[in-house]
Each structure stands twice: as structure tokens, then as C-alpha cells.
Amino acid sequence: MWKEIGDRESGKLRPNSFITRIRSNRASSLHLSNHKELVSSHRGSVNSLQVDLTEGRYLLSGAADASLAIYDIQRATDYEAGGLIAKHKPILVDKQHQNGHKYAISTAIWYPIDTGLFVTGSYDHHIKVWDTNTTQVVMDFKMPGKVYRTAMSSLATSHMLIAAATEDVQVRLCDMASGAFAHTLSGHRDGVMAVEWSTSSEWILMTGGCDGAIRFWDIRRAGCFSVLDQSHSQLGRRPPLADKSTTKVSTSKARAPQRKVGSGSSSKHSGTSKILKHAKGSAKQRLHPGLLTSQDRATAHYGAVLGLKATEDGMYLLSAGSDSRLRLWDIQSGCNTLVHYEIVRLQTSKAIQLAVTQDSSIVFLPCMTSVKAFDVWSGQSRMTLQGHYENVNCCFYSTHDQELYTGGNDRQILVWSPLKLIPDDADECDRRTEQPSAVDEDNWSD
């Protein structure tokens, strides 16, 4: 770190590059936190974790005992070891609410633009929308089967849709604005365990099913417009675009060219962007959702797709399957990038939650009782985080603090952060008494 600081002081390193390098160094040095501890109130396995996207301050968790909890991860409730270890107790706990879930909570997510609402899905076939301030259910959606995952688009300005992955073959979109189902997406031949919104378009939805297929949907159209095929691969570069010349790109870090969008629209919200349009020869065609062709039957994994995670730039998609494989997909072309990740053992009884760093350099994958960290572009194993006593179900990487939160069947929520060797006394006060430190006291200041 001192080298980066020296380069920044001398002007050799630009501000943005300095920030990126520091964040990357912190993400590469994660250990079980020696200064922060979350006191779990759950009496069942922790199935879902998410830090709010607005303040990066509140951690939402859902567990198998139908309980949910919210933690303030920036302000501790107590301190131990002379103030060196901050203990965070839940500021909100809900158990056996009269209108709450009856069975295990499988997914819990924040409303993307406000911490006043959050959404939970459960094995009791219900998706509920909660008011954070009153801890009351304000909306309830009855689903046809167990709810495995829910997702909301962080880019959406035109809709308030909750995408639900259930044991039913159809993917349903719940509209929070009307309180009714807005869409039913048909195409999978088995239950759906993973769902993820595109990080570059508010209209594109990606789903992974127990049939081993990953399908891409434009919610403004009927039927999926693409199915990923693990045998459709391209190594070293992306397919050439019609309006641009072919250029060679490094195999380890393939970066997409910036797409230009007409005036009056943003690239992140453009639904007409070139995403996953398969072609036979030079003629491109869109398959009818009812047609059962070789392309429609393509599979991304030899087994169920357990988890999906899109990179922050919206160019790549990571998928984990019950075949113990982690794959990286080029979203624009639909190609398997053939990045070779270590074969790891994954639990197949439930959906898993992956996490990616802000610069999309490291992916965190729950592997039984540990969490594996891989380099996204080379596939090399960076580190193995071991601390849970039982299987790990979920992980979430906080971009605000460069910390990783993991939850497992041992009912614990662990914090992984860069080692903190020197106590943080930037607050200029004793954190236990909230009074000025004795070193800073004087006889003239207020």
C-alpha cells in the first residue's frame, strides 16, 4: 500500500487508478475479521445476505427458522477486548410474525433505491414486501411453489418488478406498483433456482434452471431470446461487431468496447443494445418460445444451475452448477469464455449466492464449509476462506468497506475484512465512553 501512496504523492498514479488499486489490494487480503463481529440471532441456517445499495450500512439476513434480521454494520452496539472488537447486534429481529413466513426464508433483498422496504421469499410459497420502519407486511404474492431466489433491478426507472425463481417451470414477475403479477415467462423445463437482472439494461433478465439451462429474457417481448450453450465458445476475443473492425483482446482480461447510444437515452437503460442474438450463418432469427429446437434445448451446465452473478460492467455472467463447475460467459455474444476454474464440490440441495468484487476481478463461491475466491479472468484460486463449521449458503461483498459477509448452516454470519493491526482512532474519542481521549484533553477548548 505504501508504494501506491508514494506513486500517488509523486503524481505517477491517477486518483481513479489509486482507488482501484487500493480496493483490489484490500479484496485480495481478506481474513476473518479481528475487529468486527456480528451476533447472530437466527436459530436456523442463514440462507441470504445483502447490504443495502444506497448507504452500504444495513445488512439484511434471512434464515431457515423463518426469521429475518437487520444489522447496522457501521455502528457497533458494544465493544470487547478494550474496545478493539466491535460487536454488532441486530437492530431489528422478526420471528414468527403473525403475517410473516411460516417456513424457511430462502431469499431476502433490499428495495434497490430505499432502505424503507425489503423483500423476502420463502418455502411457504409466498413473497412478501416489508415496511422496514413498522416491520409490517405491506404486500403479499402467492407463488405456485417454493421460492428459491428473488431479484430486483438496481437500474430500473420504468418498473418495480420482482423476479421470482421458484420450483415451478415458469418465472413470474411481481409488480410492486399494482400488487399483481405482471409477466409469466415460460421456457424452462424444470424448476428455476437462480435469477439475476442485467447490470447494463433494466429490461434484460437472466434465469438458471434445474434443467441446466440459462435463459435470457427481454421482459418487453414474449419468450426468451437466447439460451446459453456450453459448447458455444470462443477463446481470446469477442465476435466482431457489424459496425466495428475486429480487434484482438487479451485472453485474461477481455474488456468490451463502449457502446454508443443515441441522444436521449443511456447505455445502462437501453433495451435495444446488442445482447445475445444468436445467428445461423449471417441470418439472425428469433426462435418462438414454443419451438423445441437444438438451440432451445442447449444447456449451460450438466445439472441444475445453482447461482448466477453478473459483473458490475454488465459484460459478463458467472454461473455455478451442480456439476461442480463455475463458468464465465460473454453476455454480448453468449459464448463460454473457457476460463478454467478449479473443480469444487458444491451443495446441490439449495440455491447458492455468489459475490463479485466491484472491479470484477475476484469471485467468491460458497464451497461446502468454505468460500473459494477465484480470479475471474484467469481462473486461478486466490484464497480459501475457512471459518464456518457447516455448509456455507450465501456471501455478499460490500463495495463500501471491501468486506465479505458469509452465512451458513451453522447459523453464524461471519465478517471477512483486511487485517486491522492498528486500532482506528480517527473518531478522536473513546468509543466505549464516547468521550474525548485523555491524550486530546486540554483546558481551553470546549
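The values are calculated or read from the model by the stated rules, or taken from the named source; none is laboratory data. Computed from a predicted structure; not experimentally measured. Note that we place each Cβ from the backbone using ideal geometry, even for glycine, and neighbour counts take in every protein chain shown.
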>> Could you check the range 330-361 and list, in sequence order, the residues that are within 30 Å of I413 (Cβ to Cβ) and outside any loop (DSSP other than H, G, I, E, B)?
In response: Q353, A355, V356
> Just for the range 125-175: of the residues that are acidic (D, E) and surrounded by fewer than 18 Cβ atoms within 10 Å (Cβ to Cβ), which one is farthest from M206 (Cα to Cα)?
Replying inline: D131
>> If a residue must be free of Cβ contacts under 8 Å to residues at least 40 places away in the same chain and farther than 21 Å from V192 by Cα, how many such residues does the range 131-154 contain?
In response: 5
> Counting only residues that are outside any loop (DSSP other than H, G, I, E, B) and among the acidic types (D, E), which one in the range 116-140 is nearest to A64 (Cα to Cα)?
Replying inline: D140
>> Restricting to the range 71-115, give me the number of residues that are under 22 Å from M176 (Cα atoms), under 20 Å from the mean Cα position of the chain (by Cα) and either free of Cβ contacts under 8 Å to residues at least 24 places away in the same chain or in a strand (DSSP E or B) (or both).
In response: 6
> Across the range 378-409, which residue is farthest from Q74 (Cα to Cα) among those that are of a type in the set (D, E) and at pLDDT 90 or above?
Replying inline: E390
> Any residue at all in the range 93-104 that is among the hydroxyl-bearing types (S, T, Y) and touching a Gly at 6+ places or on another chain (Cβ under 9 Å)?
Replying inline: no
